Amino acid sequence: MYSTDLSSNQVFNFTDGCRCPRSHRLALKLCCAGLVLLLLTVVGLSVLVRVLIQRPSVEKCREYIQESITELTGNPGKLQCPKDWLLHREKCICFSRDSNIWKEGLSDCARKGATLLLIQDQEELRFVKNSIKERGNSFWIGLNYSLPDKNWRWINGSTLSSDVLQITGEAKINSCASISKDKVVSEDCASDYYWICQKEPKVSETRCNDS
Ligand SMILES: *[C@@H]1O[C@H](CO)[C@@H](O)[C@H](O)[C@H]1NC(C)=O
Ligand SMILES: *[C@@H]1O[C@H](CO)[C@@H](O)[C@H](O)[C@H]1NC(C)=O
């Protein structure tokens, strides 16, 4: 019995350690409740302000997503070439109006922000030959015979692969390749021919009113 009394007394002392008057404790509780309310109001207000500030950017984001979806669903930007340039696949192609030696063709293309034509595959070769048919001339392309390694080399540094095209005629020092409506020929680089330049098309944004 004695020990039980002692323990309950201890518990009582522990939970009611404060000996201030009742009114005091009430004031403290009210004060605490007030503080909590104030805190909640401040948090609420700051959240509201943040949402209000962010709304425009959220809408922009939604627009951006909409645009991306439009692009993904088959309305890609159009590839565009400058006036007088032909668009073929991912390339703009231009046939010169003047004729000159191979080196001059090379620098004329450079002046136009382009390079002499590099022929990637059989399909492109066919397309270029067909385009030449209407013009009936021979044109320099970006392919010449380089001596140290005795190889035909594209001006981008790659060697010619024989499954893209065969070259008619003898390859010797100062040989450059020209293309006509039916073949690619080894010619003296100092001969006079027209030339073909190529460059990358621009990607324009499409709008729904574009025809
Ligand atoms: C250079 O051009 C040729 C012909 O178009 C192409 O096959 C080759 O991959 C190109 N090389 C480089 C390094 O771009
Ligand atoms: C062949 O082309 C390269 C550039 O790719 C150039 O440096 C070289 O002088 C050309 N050779 C001739 C004979 O024009």
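Some observations on this one:
- Entries in Lys78/Lys129; Lys91/Lys181; Lys133/Lys172; Lys133/Lys183; Lys78/Lys181 that, when Cα-Cα distance is taken, lie over 23 Å: Lys78/Lys129; Lys133/Lys172; Lys78/Lys181
- Once you divide the Cα radius of gyration of segment 96-199 by 2.2 N^0.38 Å, the number left is 0.97.
- Estimated Rh, segment 78-125: Kirkwood, alpha-carbon pairs, angstrom: 11.9
- In nm, spacing of pseudo-spin labels at Lys150 and Asn130 (7 Å Cα→C-beta vector): 3.9
- Selected from Ala110, Leu147, Ile132, residue furthest toward positive end of dipole (segment 83-149; charges at beta carbon): Ile132
- Count Lys and Arg as plus one, Asp and Glu as minus one, and take only other residues whose Cβ is under 13 Å from that of Lys172; the net charge is then -2.
- Mean projection of the Cα convex hull over all viewing directions, computed for segment 134-190: 4.2 nm².
FYI, it's all coordinate maths here, none of it is from the lab. This structure is a prediction, so every number in the text was calculated from the model and none was measured. When we count neighbours, we look across all protein chains shown, and the Cβ atoms used for this are built from the backbone with ideal geometry, even at glycine.
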